[in-house]
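Everything below concerns the one structure shown next.
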């Protein structure tokens, strides 16, 4: 009987020791195991990020750098990133001179454009002019294909004398500030949508009356997925 009790006591001690070892071992290994899974997750994310960067690098290498620079510079002529009174004002005055219109006065409204696009702003130029009817018509048509991008808000005529019309034309020119963020480095580049391609094709024919006129000529080079 004493021997049985001794065996039971030894068994209980061993069982207790095993339980203590399992408990303390589990408490010690649990955070280590969590760290291992966290590390595996991080490694997986880094591999995925690296794969995206590799794809992006290959895509960028396929682009023609010169073509992108030329297009970007030209589009900034069409839609400048900073408000500028001198460039559009000089453009309007030169166009008026080309079509023999006399500008008697100019009013400038620097108010912000009420647009859904936060970065979009505008300046409105109101020109009081005198000129021939056909020249006025040609002047208005030329504004539509001249950069910077301009929109004719209104045209009003006050009187006509000796085949010369007197009136006021209001022209709005736009500015779009550059984005404050360009996204994560591993994010894919956005390709031009069909609507954007169509818009570029339309403005690519815009010209300027300034002497240093900028033409969107593109040198030969690599094939460009952005090509239109």
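Per-structure values
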item	result
Gain in span if fully extended, residue 87 to residue 202, counting 0.36 nm per residue against the direct Cα distance	39.3 nm
Rounded if a/c under 1.5, otherwise prolate or oblate - region 88-205, Cα gyration tensor axes	prolate
Antiparallel content of DSSP bridges confined to region 62-212, in %, to 5	95 percent
Proxy reagent accessibility, fewest Cβ within 10 Å first, across 181, 57	181, 57
Calculated FRET value between residue 76 and residue 109, using beta carbons and R₀ = 22 Å, to 0.05	0.45
Which of 198, 77 has the fewest Cβ neighbours within 10 Å, and the rest in rising order	198, 77
Overall dimensions of region 65-150 as given by Cα atoms, namely Rg and Dmax in Å	14.9, 47
Fewest-first ranking of 50, 150, using other Cβ atoms within 10 Å as the exposure measure	50, 150
Separation between Cα centres of region 124-140 and region 63-99, rounded to whole Å	21 Å
Mean separation of Cα contacts under 8 Å (6+ apart) over length of region 129-175, as relative contact order %	43 percent
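No value in this document is a laboratory result; all are computed from the given coordinates. Here the structure is a predicted model, which means the values were calculated and not measured. In this analysis, Cβ positions are derived from the backbone assuming ideal geometry, glycine residues included, and neighbour counts consider all displayed protein chains.
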